[in-house]
Amino acid sequence: MELSEAIEKRRSIRKFKSDPVPDEHIMALIESARLAPSGCNAQPWRFKIVKDSKTRKKLEEAAHNQSFIAQAPVVIVCCADVSGYLEGSESGIQDLGKIGAIEDRMVNIICADINESKKMDISEIGPRIAVNVAIAVEHMVLRALDFDLGTCWIRALEEGKVSEIFGWDENIYVVALLPLGYPAEDPPARKRFETMDLLL
Ligand SMILES: Cc1cc2nc3c(=O)[nH]c(=O)nc-3n(C[C@H](O)[C@H](O)[C@H](O)COP(=O)(O)O)c2cc1C
């Protein structure tokens, strides 16, 4: 599917068929996430693929009981690896400097910024790096259309409750849930502002 078509056709899907999703299609989505851009090329996204119905139900509960979440045959838990980010961003920016993609002056500025982040409370870092994960998630959302799969971003959730399900500590920051499956609805396009209204 053309990217422009996927962007136009995508909808948040909140009704799913129970048909299983082939593993190769799930992994194609993860591959799309892998190719996303990230600050310092740190690639802090990590994903937990959940098919087990009991765990899906627990995820639904952690997301204020939004009842369609467990209905999806797969839920991808989209996270940021905080400690991995701190290491990855430093080596990532050095690499970009070495190959000349980023000037040395900027490498120094960004490294100083990373060192400041290291002094922060770990709980503050997850939300700051979540933007990287969001880009990777949207890659998956759009790629899903190639397989006639539907998704819905879920951010209304209690991060701590999701972490508790998997026994994660604060090094893993939960950014979103992504229920995934074959749509059992064909929702109309939702309201959007006019293009010209977006310009400041
Ligand atoms: C960051 C983010 C968080 C969202 N969280 C939720 C959510 O928790 N529950 C839900 O039903 N939809 C959620 N949505 C979906 C939005 O409601 C939806 O994108 C919006 O209404 C536009 O509809 P469309 O996606 O069909 O174009 C979220 C979307 C984004 C991008």
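Of all residues in segment 172-194, how many are part of a strand (DSSP E or B) and in contact with a helix residue (DSSP H, G or I) (Cβ under 9 Å, 6 or more places away or on another chain)?
Within segment 172-194, the first condition is being part of a strand (DSSP E or B), and the residues that meet it are 172-181, 183.
Adding the requirement that they be in contact with a helix residue (DSSP H, G or I) (Cβ under 9 Å, 6 or more places away or on another chain) leaves 172-180.
Looking only at that region, the number is 9.
Listed residues D197, D113, D169, D146; which is surrounded by fewer than 18 Cβ atoms within 10 Å (Cβ to Cβ), assigned to a loop (DSSP other than H, G, I, E, B) and either over 14 Å from the mean Cα position of the chain (by Cα) or within 14 Å of the ligand (Cβ to nearest atom) (or both)? Write out each step before concluding.
Numbers: D197 fails: assigned to a loop (DSSP other than H, G, I, E, B); D113 fails: assigned to a loop (DSSP other than H, G, I, E, B); D146 fails: assigned to a loop (DSSP other than H, G, I, E, B).
On inspection, the qualifying residue turns out to be D169.
Restricting the first residue to segment 126-152 and requiring it to be closer than 13 Å to W45 by Cα, which pairs with a second residue that is within 12 Å of the ligand (Cβ to nearest atom) and not in a helix (DSSP H, G or I) meet a Cβ separation below 6 Å and a spacing of at least six or different chains?
Sorted first by the residue in segment 126-152, then by its partner, the pairs are A130/V175; V133/C78; V133/V175; V137/C78; V137/A176.
Go through segment 180-194 and report how many residues are more than 16 Å from the ligand (Cβ to nearest atom) and either over 25 Å from I30 (Cα atoms) or more than 23 Å from the chain's Cα centre (by Cα) (or both). First the steps, then the outcome.
Of segment 180-194, the ones more than 16 Å from the ligand (Cβ to nearest atom) are 182.
Subsequent filtering for residues that are either over 25 Å from I30 (Cα atoms) or more than 23 Å from the chain's Cα centre (by Cα) (or both) retains none.
Looking only at that region, the number is 0.
Out of (1) among the hydrophobic types (A, V, I, L, M, F, W, C); (2) surrounded by fewer than 17 Cβ atoms within 10 Å (Cβ to Cβ); (3) over 16 Å from the mean Cα position of the chain (by Cα), what's the single condition that is false for L35?
Going through the list (1) among the hydrophobic types (A, V, I, L, M, F, W, C); (2) surrounded by fewer than 17 Cβ atoms within 10 Å (Cβ to Cβ); (3) over 16 Å from the mean Cα position of the chain (by Cα), L35 breaks only (3).
Right, A33: in a helix (DSSP H, G or I), within 16 Å of the ligand (Cβ to nearest atom) and not aromatic (F, W, Y) or not? Working first, answer last.
Values: in a helix (DSSP H, G or I): yes; within 16 Å of the ligand (Cβ to nearest atom): yes; not aromatic (F, W, Y): yes.
For A33, the condition - in a helix (DSSP H, G or I), within 16 Å of the ligand (Cβ to nearest atom) and not aromatic (F, W, Y) - is met.
Only the coordinates and a few stated rules stand behind these numbers; no lab work does. Note that the structure is a prediction, hence the values are computed from the model and not measured. Positions of Cβ are generated from backbone atoms using ideal geometry, with glycine treated the same way; all protein chains shown enter the neighbour counts.
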